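Scroll down for the structure; my scribbles are underneath it.
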Amino acid sequence: MKTRREFIKISTAGAGAAALGLHSLNVKGFDLFKNESIESVSDEDMTPYPTYCEVCFWKCAGWTYVDKKGKIRKIIGNKHDPHSNGRLCPRGTGGIGMYYDEDRLKYPLIRETKPDGSQYFRRATWDEALDKVAGKMKEIAEKYGPESFGLFNHGNPGAHFEHLMRAYGSESNAEPAFANCRGPRSVAYFSTFGAYIGSPENTDIRDTRCLVLIGSHIGENMHNSQVQEMSQAIDNGATIITVDPRLSTAASKSKYWLPIKPSTDIALLLAWIHVLIYEELYNKKFVEKYTFGFDQLKEHVKDMTPEWAYGITTIEPELIRRTAREMAGAAPHVVIHPGRHVVWYGDDTQRERAMAILTALLGAWGKRGSLYFSEGIHVPHYPQPEYPEPKWTWKDIHGDKYKLATMGITTEILKASVPKYGYKHQIKAWLVAGTNLPLSLPDKKLFKEAADAVEFIAVMDTMPMDITGYADVVLPEATYLERYDFLRAAPNRVPTIALRMPAAKPKYESKPGWWIAKQIGERLGLHDYFNYDDYSEVIDWQLKQLGTSLEEMKKIGVKEFPRESGPLYLGDDEDFEFNTSTGKIELYSLDLADNGFDPLPVYTPHPEPPEGFYRLIYGRAPMHTFSRTTNNPNLYDLMPENNVWVNPKIADLWGLKNGDEVWLKNQDGAVTNFPVKVRVTERIRWDSVYMVHGFGHNDKRLSRAYGKGASDELMITNIMIDPVMGGAGMRGNFITFLKEKPENKEEVES
Ligand SMILES: Nc1nc2c(c(=O)[nH]1)N[C@H]1C(S)=C(S)[C@@H](COP(=O)(O)OP(=O)(O)OC[C@H]3O[C@@H](n4cnc5c(=O)[nH]c(N)nc54)[C@H](O)[C@@H]3O)O[C@H]1N2
Ligand SMILES: Nc1nc2c(c(=O)[nH]1)N[C@H]1C(S)=C(S)[C@@H](COP(=O)(O)OP(=O)(O)OC[C@H]3O[C@@H](n4cnc5c(=O)[nH]c(N)nc54)[C@H](O)[C@@H]3O)O[C@H]1N2
Ligand code: SF4
Ligand SMILES: [Mo]
């Protein structure tokens, strides 16, 4: 079918050589951190500029070193930064590749149509591109109201656009980092403890005696200080219990690996709760003083014995008992890690609730080695008028559904973009900033319908990522090494702020996100919201309110502030009022009950793979962040493509050997665009296959990443929506192998 907005692919002039190599990295187990100078230049001959990393969302602070010729030579961690403790992960070290990548977006692009109807991108001036975006924003506001202009965002770039959109009158935004990532965790922990887990997570892994990982694959999930703390915990002799259908790096370092049947974690959690309660191993004092609903919980799990769970999870009853006792023995110094990417099977808020309940029964909250009270700095708002009140926001888009959602839901914004779904509030245009939707949102059909239905799409990115192929206007942002940005003020054990400042001039014609947002704002008559010439003025003003200055921060990069909220842990017997309706930790959730959901977590069986199909599960690799680094000249070298992990039993059955290339086909007939190599390994259960997410790019402008590996995203056509908060559960998809390139396979857009 011919779509209104053709996906534009431009072939590139050819792959350039990597600008700087990173071959010195030792990528084994946890020895991943090395900050060796890439080329040997003495530090004395270089100038360090403070920054914090944008390669993932841990936002580690560091120093960008620039030589006398103005060339960026290396990035190292800032010793005074609690996110990095002076060491960056391989991706952070390779962040230089984002700056040097010769495939970068170089100048603004505008979609044009030739007389024969075909479409292409024309190089445009900034004035043309900005006029076009602002002109469309005016038009949409006049025709439908500013609320109809939606925003998809992630990370800092998105935040500048969020400000622009709020000033313009729209709060119709969503980011994959909620409904496709940690949303269920936020809602579950909030309804249980009246508090969020936050980012970085407030897990006291450093001082724990028992770390329980349910899916969470720290070590491949490279969140920096968390990996460092896990390593410390191992050195301190902490017990690690990992529940994962795959022998992850974390599982390989654990005392107990529970290779659970995927999708059955709630049954295991309920059985653990059963053992703690019925063997009277739970923390009675803590439960009595701080919790609500224990009797209902006790009754609820009465029959949920380890024997019951064995039939569901395939985990031996004795192992369930032993691990529960191990946790109880270490309590309260136990971290039940809440996980982060938790949209798995559509009952994810309930699984997260079960984890929160387990935490409470162990008294593993507000105690050393459990979850601590984190504290962040409130950065004062730069003076500006109040935002106008929108007539409706993302909340109204889904109306009475998903009442407990705390942020916009990507799937709902997509649906509201397609008139045939009959949403009361319609989205007519999109701004997209710092998110590669075709590779991060499941349900390609819906995504394409929506992208085709809207009148206009503007994308701000640093790279010609798959999403830019859908844009009418492409706005090339400067990389994080070339710009000022918001102050980082994430909560931690001690409050800190970190500065990001440019270490070099923006390459090509790229511009900082704050500048792009301001230029559009000015064209819309919103000057009062952008009342500065340079973003450094905003930062300096904020820093002065906080008792420091831009001048000081340029020298130190990170500044620590004293805690004001009290100690890191709860005192013995200290009275504490939780921010829930009962003021207690709600084992039995009134919030969920009031909204018509199960107040106590229930195990529901999920569909099994059809004959000859295997469940697709996916995760991270230490040297890449999603799809954003696969073209990075430094990181590409470390891992150019992904593999599909297949259990030897299944490989035998299919006659597959290590390195064989296969195409994958899912239960709905979707086929991968590119073949992927098989990795035969005992490390995965026979009923599942595993892939690292972020590969299989389909845009030729990504000269290295194009066609390398396969995209898990294309195989995720079935999404299991979480009724509590609209999360898009992505692990209900099953694949089979095609040994030949399927005939008549049309090239599918990403
Ligand atoms: N199949 C599948 N889907 C997933 C996941 C999965 O594991 N499997 N993971 C989910 C999770 S946990 C999350 S958080 C989301 C993340 O999904 P996204 O938010 O889409 O994250 P990225 O893939 O990192 O895409 C970031 C985009 O930002 C661009 N970018 C990078 N730096 C900058 C910058 O400085 N400025 C601008 N303007 N752009 C920049 C990159 O080029 C890229 O296009 O995806 C979710 N979707
Ligand atoms: N290197 C690197 N690190 C990253 C990122 C990155 O892109 N690259 N992204 C960051 C982001 S935004 C996020 S959200 C986090 C995500 O990191 P996590 O929250 O740790 O990841 P998940 O995707 O939830 O978990 C993946 C693991 O779950 C296992 N799994 C699959 N199905 C099941 C199941 O049914 N039950 C159980 N128990 N386990 C199962 C998989 O085998 C895999 O080991 O990583 C962060 N860290
Ligand atoms: S964990 Fe690695 S990629 Fe993420 S912010 Fe820190 S250094 Fe950068
Ligand atoms: Mo995420």
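Give just the number: which of (1) in contact (Cβ under 8 Å) with a residue 12 or more places away in the chain; (2) in contact with a helix residue (DSSP H, G or I) (Cβ under 6 Å, 6 or more places away or on another chain); (3) under 27 Å from Gly194 (Cα atoms) does Thr580 not satisfy?
Only one criterion in (1) in contact (Cβ under 8 Å) with a residue 12 or more places away in the chain; (2) in contact with a helix residue (DSSP H, G or I) (Cβ under 6 Å, 6 or more places away or on another chain); (3) under 27 Å from Gly194 (Cα atoms) is unmet by Thr580, namely (2).
Among the residues of the range 412-430, is there at least one that is basic (Lys, Arg) and touching a strand residue (DSSP E or B) at 6+ places or on another chain (Cβ under 9 Å)?
yes
Go through the range 554-570 and report how many residues are within 19 Å of Pro491 (Cβ to Cβ) and surrounded by 13 or more Cβ atoms within 10 Å (Cβ to Cβ).
9
Among the residues of the range 223-233, is any buried (at least 22 other Cβ atoms within 10 Å of the Cβ) and more than 16 Å from ligand 3 (Cβ to nearest atom)?
Yes, the conditions are met somewhere in the range 223-233.
I need the full set of residues from the range 693-718 which are within 16 Å of ligand 4 (Cβ to nearest atom) and in contact with a strand residue (DSSP E or B) (Cβ under 8 Å, 6 or more places away or on another chain), in order please.
Within the range 693-718, His693, Asp712, Ile716 qualify.
On the given criteria, is Asp533 modelled with pLDDT under 95, outside the structural domain of Thr359 (by TED's automatic domain parsing), surrounded by fewer than 22 Cβ atoms within 10 Å (Cβ to Cβ) and in a loop (DSSP other than H, G, I, E, B)?
No, not satisfied.
Would you please name the residue that is farthest from Asn180 (Cα to Cα), looking only at residues in the range 389-425 that are out of contact with any helix residue (DSSP H, G or I) (no Cβ under 8 Å at 6 or more places or on another chain) and not charged (D, E, K, R)?
Filtering first and then ranking leaves Gly422.
Can you find, within the range 71-127, the residue that is nearest to ligand 2 (Cβ to nearest atom) among those that are small (Gly, Ala, Ser) and part of a loop (DSSP other than H, G, I, E, B)?
The selected residue is Gly94.
Would you mind telling me which numbered condition in (1) closer than 30 Å to Met98 by Cα; (2) modelled with pLDDT under 95; (3) not basic (Lys, Arg) Gly513 fails?
(2)
Take Val724 and decide whether it is part of a loop (DSSP other than H, G, I, E, B), among the β-branched types (Val, Ile, Thr) and more than 14 Å from ligand 2 (Cβ to nearest atom).
yes
All but one of (1) out of contact with any Gly (no Cβ under 9 Å at 6 or more places or on another chain); (2) within 16 Å of ligand 4 (Cβ to nearest atom) hold for Ala621; which doesn't?
Answer for Ala621: the failing condition is (1).
Looking only at residues in the range 333-355 that are among the aliphatic types (A, V, I, L, M) and within 16 Å of ligand 1 (Cβ to nearest atom), which one is farthest from Leu371 (Cα to Cα)?
Top of the filtered list is Val343.
Of all the residues that make up the range 171-203, how many are within 16 Å of ligand 3 (Cβ to nearest atom) and either in contact with a Leu (Cβ under 7 Å, 6 or more places away or on another chain) or part of a helix (DSSP H, G or I) (or both)?
4
Give me the pairs: first residue in the range 169-181 and more than 10 Å from Gly158 (Cβ to Cβ), second residue within 16 Å of ligand 3 (Cβ to nearest atom) and charged (D, E, K, R), beta-carbon distance under 7 Å, and six or more apart or on different chains, which are they?
Between residues of the range 169-181 that are more than 10 Å from Gly158 (Cβ to Cβ) and residues that are within 16 Å of ligand 3 (Cβ to nearest atom) and charged (D, E, K, R), the close pairs are Cys181/Arg340.
Please go through (1) surrounded by 13 or more Cβ atoms within 10 Å (Cβ to Cβ); (2) more than 16 Å from ligand 3 (Cβ to nearest atom); (3) at pLDDT below 95; (4) in a loop (DSSP other than H, G, I, E, B) for Asp573 and return the number of the only condition it doesn't satisfy.
Condition not satisfied by Asp573: (1).
Could you tell me whether any residue of the range 301-322 is small (Gly, Ala, Ser), buried (at least 19 other Cβ atoms within 10 Å of the Cβ) and in contact with a strand residue (DSSP E or B) (Cβ under 6 Å, 6 or more places away or on another chain)?
no
Of the residues Pro438, Pro419, Pro442, Pro390, which is of a type outside the set (S, T, N, Q) and surrounded by fewer than 16 Cβ atoms within 10 Å (Cβ to Cβ)?
When all the criteria are applied, what remains is Pro419.
Quick one: Pro157 ticks every box in (1) away from ligand 1 (no atom under 13 Å from the Cβ); (2) more than 29 Å from Thr580 (Cβ to Cβ); (3) buried (at least 23 other Cβ atoms within 10 Å of the Cβ) bar one, so which box is it?
(1)
Restricting the search to the range 699-722, which residues are surrounded by fewer than 24 Cβ atoms within 10 Å (Cβ to Cβ), touching a Phe, Trp or Tyr at 6+ places or on another chain (Cβ under 7 Å) and not basic (Lys, Arg)?
Those that are surrounded by fewer than 24 Cβ atoms within 10 Å (Cβ to Cβ), touching a Phe, Trp or Tyr at 6+ places or on another chain (Cβ under 7 Å) and not basic (Lys, Arg): Gly707, Met720.
Can you name every residue in the range 175-188 that is touching an Asp or Glu at 6+ places or on another chain (Cβ under 7 Å) and more than 12 Å from ligand 2 (Cβ to nearest atom)?
Ala188
Regarding Ile467, is this residue β-branched (Val, Ile, Thr), touching a residue at least 24 places away in the same chain (Cβ under 8 Å) and assigned to a helix (DSSP H, G or I)?
It is true that Ile467 is β-branched (Val, Ile, Thr), touching a residue at least 24 places away in the same chain (Cβ under 8 Å) and assigned to a helix (DSSP H, G or I).
The values are calculated or read from the model by the stated rules, or taken from the named source; none is laboratory data. Being a predicted model, the structure only gives us computed values, none of them experimental. Because the Cβ atoms are built from the backbone with ideal geometry, glycine has one as well, and the counts that use them run over all protein chains shown.
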